[in-house]
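To start, the structure itself, in structure tokens.
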Amino acid sequence: MSQTTTTKAPGGATGGAATVRPDRGGGPGLLAGPLGRNLGLVVGFVLLCVAGVVSAGDRFADVDNVVTILRAAAVTGVVSVGMTFVIIGGGIDLSVGAIVALSSVWATTLATQALAEDVHWVLMVGTALLVGAVCGLVNGVVIAYGKLVAFIATLAMLAAARGLAEIIANRRTQIVQDTSFISFFGGDVLGVPTLVILFALVAVAGWVLLNRTTFGRRTFAVGGNAEAARLAGIRVQRHTVMLYVLSGVTCGIAAVMLMARTTTGSSTHGTLLELDAIAAVVIGGTLLIGGRGTIVGTVIGVLIFTTLSNVFTLNDLSSSAQAVAKGVIIVVAVLLQQRVAAGTSRQRGLRGGGTPASTGTSIPGSPSGAPTPGAAAGPTA
């Protein structure tokens with residue numbers, strides 16, 4: 001059964017009907033969709049694990065090593081979930097590593113820990129989340145309302161947050177004194193580290209938010225075509241601010257995880273974390289131009305990079321070789337993204353009788369019937 005859409009001229013007149021035939025599965029559309037992309041990532045991850053078993057044997061397949069990989073992936077994974085939202089929304093955040101450092105330092109100052117000792121260690125967690133959210137709010141306001149390019153705004157936040165963290169800590173490492181905080185986040189449940197469970201919860205929450213809420217649909221719309229989203233009634237500026245606040249909150253969570261794992265708060269925490277997060281998101285299939293991406297792909301991307309580092313370490317390969325391998329993987333992933341995006345655009349143009357921008361659609365959560373020419377709908381897997 002075919003689906004018919006109508007095009008609207010600028011003056012409001014209705015043009016001819018264009019027949020759009022949905023994918024029937026089993027063809028290039030399936031492979032180009034989220035299922036096909038995630039399946040490719042899973043295959044790549046499995047092949048990497050096979051390479052690890054072949055090269056490192058029982059050292060790689062050991063349960064303790066698997067737990068080590070998951071624990072190492074947890075912090076980067078949490079930040080990558082927030083980064084996924086920002087990039088799908090058409091932005092970028094270079095300040096996540098510095099925000100993690102600032103959040104960890106502020107939550108472990110003597111004053112904060114003394115107050116937490118009188119109340120509860122939850123106060124330290126709340127401080128880290130609040131600092132991350134405020135930094136994200138500043139990023140969002142400067143980008144959305146100050147009209148500053150996201151690259152420049154977050155680069156400025158990177159420098160400012162890292163510098164402020166150094167000032168507060170006086171370039172010293174602050175030790176977490178609360179043993180109950182360390183035992184809670186540093187413990188495990190049925191053999192699974194609490195940090196890994198926290199990463200899983202953040203990933204599940206991110207998936208639900210992105211794929212099962214109006215907020216997620218609007219994120220895809222804003223990243224696909226911000227002007228079309230505005231015409232549809234979406235408050236693009238406010239939504240952009242919310243995306244960066246969300247990224248800041250995930251940085252606060254990551255700071256708490258680092259505080260528990262290292263029992264410290266330091267201005268050096270999160271160094272180059274932004275590059276790892278962006279790389280994992282790109283490997284996971286999220287387009288850097290926005291409008292498409294998945295949380296599942298991001299999680300697999302994080303696991304691929306963490307497992308790759310683990311395999312290199314077990315085989316006594318240098319960190320320089322790891323960096324080269326990661327660079328090659330990122331370039332290949334971006335090139336594949338460009339090919340898939342170009343192929344998808346051509347298919348939409350042929351099916352719609354023209355360019356995607358000529359088709360009137362509507363965005364869930366927007367005023368009924370609002371036309372959104374050119375809005376891109378992201379995958380929901």
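A simple rule links phi to the HN-Hα coupling: the Karplus curve 6.51 cos²θ - 1.76 cosθ + 1.60 with θ = phi - 60°, which for the range 155-162 gives 5, 5, 5, 4, 5, 5, 5, 5 Hz, with x for Gly and Pro. Shape class for the range 191-340: oblate, because the ratio a/c of the largest to smallest gyration tensor axis (alpha-carbon atoms, square roots of eigenvalues) is 1.5 or more and b/c is at least a/b.
A protection proxy built from the mean count of other Cβ atoms within 10 Å ranks the segments 53-65, 291-303, 242-254, 123-135, most packed first, as 242-254, 291-303, 123-135, 53-65. Distant-in-sequence amide contacts of G291, defined by a placed amide H-H separation under 5 Å and a gap of 5 or more residues or a different chain, comprise G89, G90, G223, G224. Between amide H atoms placed 1.01 Å from N, distances below 5 Å from D188 occur with T194, all of them 5 or more places distant or on a separate chain.
Near T264, the amide H atoms lying under 5 Å from its own belong to V176; only residues 5 or more places off or on other chains count, and H is placed 1.01 Å from N. Sequentially through the range 58-65, phi angles give Karplus couplings (6.51, -1.76, 1.60; θ = phi - 60°) of 5, 4, 7, 7, 4, 4, 4, 5 Hz, Gly and Pro residues having no value and appearing as x. Checking the a/c ratio against 1.5 first, then a/b against b/c, what shape does the Cα gyration tensor give for the range 58-128? In terms of gyration-tensor shape, oblate.
Sorting 138-148, 187-197, 80-90 by average packing, meaning the other beta carbons within 10 Å per residue, from highest down gives 80-90, 138-148, 187-197.
Rule-based calculations on the coordinates, nothing more; no lab input. If you're wondering where the values come from, they're calculated on a predicted model, not measured in any experiment. Ideal geometry is used to build each Cβ from the backbone, glycine not excepted, and the neighbour counts take in all protein chains shown.
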